[in-house]
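J.: Please see the structure below; I have some questions.
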Amino acid sequence: MFTGIVEELGEIRAVESAGDSARLTIHGPLVTSDAVHGASIAVNGVCLTVVDVTDQTFTADVIKETLDRSGLGVLAPGARVNLERPVRVSDRLGGHIVQGHVDGVGAILSREPGERWDVVTVSLPPALARYVADKGSITVDGVSLTVVEAAADRFSVALIPTTLALTTLGRKGVGDLVNLEVDVVAKYVERMMTAANTGTAPTPTPAPDAPVVPAP
């Protein structure tokens, strides 16, 4: 489990394609300081398993399911990525409960710079809209954020100076893709309420193959 509080900006050092999968090599001195084979590290909000650790870098395999449901498939050497280690049981939960299981991909529709922060609007796949609410929580590229305003096909967030300086969200522009993970509590509540009302569990809605990018 993660909290969506990014620990470090890492860098993609290599991408090895293997047909329907890929192996990423990522530089991250902080997150590799206590990493071992089999450990978990969130990369842009995607929970990956460490295969090897060498010289402040780690490698991780990304299977087709993850490539299809996230933006990791478009990463190239030199790309910066948000990195977070799993939360310890004794740690403070600074963000919200994040699983590292991406629900869909959105695209940045607009950025409105303020004096010390930016308001960013992101497209929202229709299947995820019911889980996103004003002042609720959402994870964008692994960053725990509070929703400013939610609509049927988009939502907005306000990025404070710390988020702009220490995560990839300070560098991404209009049209760039971001990984989205909605609040897991909302999904469980929906499932329990549906089962209580109908006596059956709802059929899961598959994540979209591509981000929905409505006209601004």
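The values are calculated or read from the model by the stated rules, or taken from the named source; none is laboratory data. Treat the numbers as computed from the prediction; the structure is a model and nothing was measured. Ligands, DNA and RNA are excluded from the accessible area calculation, which covers all protein heavy atoms including side chains. Shrake-Rupley method; radii C 1.70, N 1.55, O 1.52, S 1.80 Å.
J.: On a 0 to 90° scale, report how tilted helix 184-198 is relative to the longest principal axis of the chain, with both axes built from alpha carbons and the result rounded to the nearest 10.
T.: Here the helix axis deviates by roughly 40 degrees.
J.: Heavy atoms only, probe 1.4 Å: what % of the accessible area of the chain goes to carbon and sulfur, would you let me know? Show your work: numbers first, answer last.
T.: Values: 5990 of 10880 Å².
Here it works out to 55 percent.
J.: What would the Debye equation give as log₁₀ I(q)/I(0) for the chain at q = 0.11 Å⁻¹, counting only Cα atoms as equal point scatterers?
T.: -0.52
J.: OK, next. For segment 8-84, list log₁₀ I(q)/I(0) at each q in 0.16 Å⁻¹, using the Debye formula over Cα point scatterers of equal strength and ignoring solvent, two decimals each.
T.: -0.48
J.: Find the accessible area per residue for the chain; the probe is 1.4 Å, ligands and nucleic acids are left out, and the unit is Å².
T.: 50 Å²
J.: According to the Cα gyration tensor, what semi-axes, each the square root of 5 times an eigenvalue, does the equivalent ellipsoid of segment 104-197 have, listed from largest to smallest in whole Å?
T.: 26, 13, 11
J.: Where both partners of a DSSP beta bridge lie in the chain, what percent of those bridges are antiparallel, to the nearest 5?
T.: Values: 52 of 52 bridges.
Looking only at bridges with both residues in the chain, the antiparallel portion is about 100 percent.
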